[in-house]
Structure formats: C-alpha cells, structure tokens
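Colleague: Sharing a structure, written as structure tokens. Questions coming.
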Amino acid sequence: MKTTLLIDGDVIAYQSSFVAQANVQWKDELWTVHTDLALAKNWAIERFDMFKEKTGADDFIIALSDKNNYRRKLNPQYKANRRSKFAPIGLSPMREWMAEEYGIVQYPNLEADDVLAIMATDLTPDEKRIIVSIDKDFKSVPCTFYDFNRDEIHDVSVEDASRYHLMQTMAGDPVDGYKGIPGVGGVKANRLLDNEGATWATVMKAYKAAGLTEEEALMNAWMAYLIQYKEYDPVKQQLKYLWMPSEYSNEDKQRFSHIIQQVTGALNEDLSRPNPFDPLEAV
C-alpha cells in the first residue's frame, strides 16, 4: 500500500522563515532584520525527509492556503486578529520556492487545512494518506494525523472526529475569531458531551442555556469544521454545501439555505485581507 503525506505548507513556510530570520544591531540605534533563505530551505528539506522517515511514507503533497477564505463571508471576524502581526520576511519567498520545487495544491477560497482534509477523506483502497501539521483541528477529521511538534500520530475515527467538532463548536477558538459559548472551554464542553451525549441536541441545549440562538451555534460549527471530500466539487473547485447536523431533516436544512448559498457554488468576490506587514512587498 502506498503512503502519501499531506503536508501543511503554511506551517512549514512560516516556521522555516522564522528560524532563518535574525535581528542585527549595526550600531546603537540601527537595527535590521535579515533572513537566510538557504537556511530556511534546508530546514524545510530536513523536515520533509524526517516526516517520510517517521511515517515510512513513499511521497508527499504540499498544500497552501488561498488568499481568499469563504469563512470571512460568513464571519468577518474569522482570523481578523492576525492582520496586525509581522510576517517573517522569508514567508512569501518560501511559499514560492515550495511551489516551484515540489508543486503545491491550492483551492480557491479554502485554507490549506481544508485542502488537506479534502485529500485525506478522498481515499482509494490501495493508498494511505497522513496529514502532517501542528493544528489540533485535524482531530475533527476522520484521518491519520501526524502532529510533528508533539511527535504524535493520531488515528481519528469518524466518531472521534464528530465529537471533537461538537466540542470545538461549544468551546470556540478565540484565536481564530469565533467564540463559542461564553464560559465554556474544552474541559466543560467534553464534560457536557460525556454526560448528555455527543449529539447536536447537547450542543443546542448548551447554546440555549446561554441565551444564544441556533444560527449562532451553526455559525460556530461552520467556523470549526474542515471541509471534506463529499462537500467539495473537485472539478469546479467549489463548495457544494456546508456541514449540517445529521439529525436535521430537509426542512431544517432549508431554513438556513439562504446563508449557505452565500458561499457555495461560484464565489468570485475578493475575500482576501491585507497580508501581515511584509517589508519585501514593495521591493
């Protein structure tokens, strides 16, 4: 059986650029920031080799995020806090180098995480695919996930993935710009799922107890969910539909179709944000 790694190129580009960057003081009041792209490239190559050795993989595919992100159409605050951060100055060159050296997979309006989740859930009987990243959100995808920061391999079942998604829907992720239920973190969310069942009914009960609406619960669920193969049209490279609770009837789903239709099918508007400050952009 062939084993293919699905590598989060966003993480590799950022980390390799960061480790290759240095602040240099030339005199008392003169500082500059330098990067050594050769060092960044070697760091990335070493990681790719290490990933293959660790997993016994035959090959790898690198995914990168598109500049546009459909989640911003639904929630303008999604990852909005990241705009003010300084990017390592080698970030854009490293993304370009990976594309030229290895080739990358990038889908319109999707993050690299979505691309990886789509490829990981589009399996053939003679192939094994392993997501390689540091993002805990891959625990919401039925897949094999190698967290290389922690050196942990997770085999995530369909049931465990669904439960993690429900937990994240309640707990939210303030770093990514969706808040979940105030006062409910991961520990409390897991306790609710343990005591009352890992179902959408448990999620809705907690949302209603906090005075929140069904639409707010679904919006958080959409922010937390990584797109899988069945929800994506690989030919047109468009979303077909968004996740909905399995308990919902067609009538239930129809109540929210006006929201879902905003991001499915052709989505040709510019949903990009200004990049973090990049001193090389004007060069």
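Colleague: Normalising by the residue count of the chain, find the relative contact order in percent from Cα pairs under 8 Å and 6+ residues apart.
Modeller: Reported relative contact order: 21 percent.
Colleague: Sticking with this one: Calculate, for residue 230 and residue 188, the FRET efficiency according to 1/(1 + (r/R0)^6) with r their C-beta to C-beta distance and R0 51 Å; round to the nearest 0.05.
Modeller: The value I calculate is 0.95.
Colleague: Also, quick follow-up: Calculate what fraction, in whole %, of the accessible area of the chain sits on carbon and sulfur atoms when a 1.4 Å probe is rolled over the protein chains.
Modeller: 50 percent
Colleague: Under 17 Å from the Cα of residue 67, which lysines turn up, not counting those fewer than eight places away in the same chain?
Modeller: Within the straight-line cut-off, residue 67 pairs with 79, 85.
Colleague: Who wins for biggest fluctuation among 113, 58, 126 in a Gaussian network model of the chain, springs between alpha carbons below 10 Å?
Modeller: In the Gaussian network model the winner is 126.
Colleague: At a Förster radius of 35 Å, what calculated FRET efficiency corresponds to the Cβ-Cβ distance of residue 159 and residue 19, to the nearest 0.05?
Modeller: Efficiency, rounded to the nearest 0.05: 0.40.
Colleague: Skipping prolines and chain starts, which residues have an amide H placed within reach, meaning under 5 Å, of the one on residue 87, given they are 5 or more residues away or on another chain?
Modeller: Amide H neighbours of residue 87: 277.
Colleague: Something else now. Pick out which of 146, 102, 178 has the largest mean-square fluctuation in a Gaussian network model of the chain, springs linking Cα atoms closer than 10 Å.
Modeller: Taking springs between Cα atoms under 10 Å, the residue moving most is 102.
Colleague: Just the number please: accessible area per residue for region 125-230, 1.4 Å probe, all protein chains included, in Å².
Modeller: Accessible area per residue, region 125-230: 45 Å².
Colleague: Here is a follow-up. Could you work out [θ]222 nm for the chain from helices alone, using -39500 (n - 2.57) per DSSP H run of at least four and dividing by all its residues? Round to the nearest 500 deg cm²/dmol.
Modeller: Theoretical 222 nm ellipticity from helices: -11500 deg cm²/dmol.
Colleague: Can you tell me the orientation of helix 158-171 relative to the chain, as the angle in degrees between its alpha-carbon axis and the longest Cα principal axis, to the nearest 10?
Modeller: Between helix and principal axis, roughly 90 degrees.
Colleague: Taking H placed 1.01 Å from N in the peptide plane, check which residues at least 5 places from residue 232 or on another chain put their amide H under 5 Å from its amide H.
Modeller: Amide H neighbours of residue 232, under 5 Å, 5+ apart: 240.
Colleague: If R₀ is 25 angstrom, what is the calculated FRET efficiency for the pair residue 39 and residue 237, using the beta carbon separation as r and rounding to 0.05?
Modeller: So, using R0 = 25 Å, E works out to roughly 0.10.
Colleague: Just 76, 88, 142 to compare: in a GNM of the chain, with alpha carbon springs under 10 Å, which one fluctuates most?
Modeller: Result: 76 has the largest fluctuation of those listed.
Colleague: Taking Cα atoms, how many degrees apart are the long axis of helix 214-224 and the longest axis of the chain, rounded to 10 and kept between 0 and 90?
Modeller: Roughly 30 degrees between the two axes.
Colleague: Report the one residue of 99, 115, 78 whose Cα lies farthest in the direction of the positive end of the charge dipole of the chain (charges on C-beta: Lys and Arg +1, Asp and Glu -1; origin at the Cα centre).
Modeller: The residue sitting most towards the positive pole is 78.
Colleague: Check the straight Cα-Cα distances from residue 52 and name the lysines below 26 Å, setting aside those fewer than 8 residues away within the same chain.
Modeller: Residue 52 reaches 2, 41, 128, 136, 139.
Colleague: Any idea what angle helix 91-102 forms with the longest principal axis of the chain, computed on alpha-carbon atoms, 0 to 90 degrees, nearest 10?
Modeller: 90 degrees
Colleague: Lysines near residue 205 by alpha-carbon distance under 20 Å, same-chain residues fewer than 8 away left out - which ones?
Modeller: List returned: 179, 188, 253.
The values are calculated or read from the model by the stated rules, or taken from the named source; none is laboratory data. The structure displayed is predicted, hence computed values, not measured ones. Note that each Cβ is placed from the backbone with ideal geometry, even for glycine, and that neighbours are counted across all protein chains shown. In case anyone asks, the SASA skips ligands and DNA or RNA and just uses the protein heavy atoms, side chains included. Shrake-Rupley method; radii C 1.70, N 1.55, O 1.52, S 1.80 Å.
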